[in-house]
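The block underneath contains the structure these notes are about, expressed in structure tokens.
The values are calculated or read from the model by the stated rules, or taken from the named source; none is laboratory data. Predicted model, so just to flag it, every value in this text is computed and none were measured. When we count neighbours, we look across all protein chains shown, and the Cβ atoms used for this are built from the backbone with ideal geometry, even at glycine. Heads up: the accessible areas ignore ligands, DNA and RNA and are worked out on the full protein's heavy atoms, side chains in. Shrake-Rupley method; radii C 1.70, N 1.55, O 1.52, S 1.80 Å.
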Amino acid sequence: MRTRPLKVALLGCGVVGSEVARIMTTHADDLAARIGAPVELAGIAVRRPDKVRDGIPAELVTTDATALVKRGDIDVVIEVIGGIEPARTLITTAFEHGASVVSANKALVAADGAALHAAAQRHGADLYYEAAVAGAIPLVRPLRESLAGDKVNRVLGIVNGTTNFILDKMDSSGAGYSEALDEATALGYAEADPTADVEGFDAAAKAAILAGIAFHTRVTIDDVHREGLTEVTAADIASAKRMGCTVKLLAICERAADGASVTARVHPAMIPLSHPLASVREAYNAVFVESDAAGQLMFYGPGAGGSPTASAVLGDLVAVCRNKLAGATGPGESAYTRLPVSPMGDVVTRYHISLDVADKSGVLAQVATVFAEHGVSIDTVRQQGKDGEASLVVVTHRAADAALSSTVGALRELDTVRGVASIMRVEGE
Ligand code: HSE
């Protein structure tokens, strides 16, 4: 074993960073044995140096992250700051000064992964980011390496724990969205500002990363169709239950049937209770990968939290250090297919539409005619009437999203349709 240590700079010492530092210290001997050289924490950049951090050597702490990544003797930079800047500049500077980078930064990789990969390649460095998608669950490396000989056609999953917790609460208790969000906040699952989670930004960033790796093409967060879960009501959940379904916020990345394009989307969807994703409870994540040769694979586990995310960071650290010792780099960006990302209108799936209508003769026929005129085939209809009004639930066969949107637009024009109470996609059948 080499005795000269590999030097590591840690950018950020919050929930994840402090766990990374702790494990690097407590598992130093195992990490050294697995890598073939000791790894030494050479500096920790933080914003608030006065904060008490148990087990963090004070002499390593600095507020000057730029100077740390420019030192020249750093082999690996671990970036767990998050956000676009200063993380992007620090990572690029780290490459320029000879370091490889391990990052947990989904927002940055989803926005600018191609440029970061190019910078890493220019400087003969590695860029690894297993922790950016679904915390501890190995997904990036399985897609990048284990499945590199297969053809992945679909990635379907729950990649946000906060929203899964909220939907699980709504499903198990009948609570509305706000009540379930309050509980998630009280228990520390949801942040004080839950926008990134509940509006689907966090899941969309992960979907972009997964789609790019799975289909060997470039997908950024701007290519991902995104709908959050703030509009999901207790009535939607109850309606899903009547259909033998539950509601999940899904990230879905698909190769088109003709193989000429891909789609990536995040939105709430009904899935049958028999689907394995339906039994993913609380704040857990799970991702289904479908490929030509392997068939269906499912990855399941904790998708957030200091310790699970640190596990993914440290796995990357070991891999990157091994590469350094071998004088090699691991896989970089693979975007050779250059498949375009199709708009949401091209996505084909099933829909559950809930309408408030007048309860009188001819209404059902009128509604059915609108569906037929737009080429959307109805699978089932359920009606419940009360005092001259009725609630009509229509479930369609597979149809293009654009056709469904036109159908709903035309339904809204009907005098007998008082309102479109909800539209939800039905997946996983
Ligand atoms: N906020 C995310 C979640 C974890 O709830 O899953 C970090 O991506």
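For every residue, the table says whether it meets (1) surrounded by 24 or more Cβ atoms within 10 Å (Cβ to Cβ); (2) within 16 Å of the ligand (Cβ to nearest atom); (3) at pLDDT 95 or above.
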residue: T62; (1), (2), (3): no, no, yes
residue: T66; (1), (2), (3): no, no, yes
residue: I74; (1), (2), (3): no, no, yes
residue: V80; (1), (2), (3): yes, yes, yes
residue: I91; (1), (2), (3): yes, no, yes
residue: A94; (1), (2), (3): yes, no, yes
residue: V101; (1), (2), (3): yes, no, yes
residue: A107; (1), (2), (3): no, yes, yes
residue: A118; (1), (2), (3): no, no, yes
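In the set (1) of a type in the set (K, R); (2) open to solvent by 20 Å² or more (accessible area, probe 1.4 Å); (3) away from the ligand (no atom under 16 Å from the Cβ); (4) under 18 Å from the mean Cα position of the chain (by Cα), R265 fails one condition alone, (2). The strands (runs of 3 or more DSSP E) located wholly in segment 345-429 that include 3 or more residues which are open to solvent by 50 Å² or more (accessible area, probe 1.4 Å) and free of Cβ contacts under 8 Å to residues at least 60 places away in the same chain occupy 378-386. Picking from residues in segment 185-199 that are modelled with pLDDT of 95 or more and touching a helix residue (DSSP H, G or I) at 6+ places or on another chain (Cβ under 8 Å), the one that is surrounded by the fewest Cβ atoms within 10 Å (Cβ to Cβ) is T195.
Selection over segment 205-223 of residues that are within 15 Å of the ligand (Cβ to nearest atom) and open to solvent by less than 20 Å² (accessible area, probe 1.4 Å) gives a count of 6. The residues of segment 132-145 that are closer than 9 Å to S311 by Cβ and either open to solvent by 10 Å² or more (accessible area, probe 1.4 Å) or hydroxyl-bearing (S, T, Y) (or both) amount to a single one, A136.
From the list T185, T230, exactly one residue is within 16 Å of the ligand (Cβ to nearest atom), under 19 Å from R281 (Cβ atoms) and either in the same structural domain as H352 (by TED's automatic domain parsing) or among the polar types (S, T, N, Q) (or both). Which is it? Going through T185, T230 in turn, the sole match is T185.
Residue-level analysis places I252 among those that are buried (at least 20 other Cβ atoms within 10 Å of the Cβ) and in contact with a Leu (Cβ under 7 Å, 6 or more places away or on another chain). Only one of the listed residues (V266, V247, V232, V287) is closer than 25 Å to A148 by Cβ and of a type in the set (A, V, I, L, M). That residue is V287. Scanning segment 138-166 for residues being touching a helix residue (DSSP H, G or I) at 6+ places or on another chain (Cβ under 8 Å) and within 12 Å of the ligand (Cβ to nearest atom) gives a total of 8. Looking only at segment 268-284, residues that are of a type outside the set (A, V, I, L, M, F, W, C), closer than 27 Å to P343 by Cα and either away from the ligand (no atom under 16 Å from the Cβ) or open to solvent by 20 Å² or more (accessible area, probe 1.4 Å) (or both) come to 2 in all.
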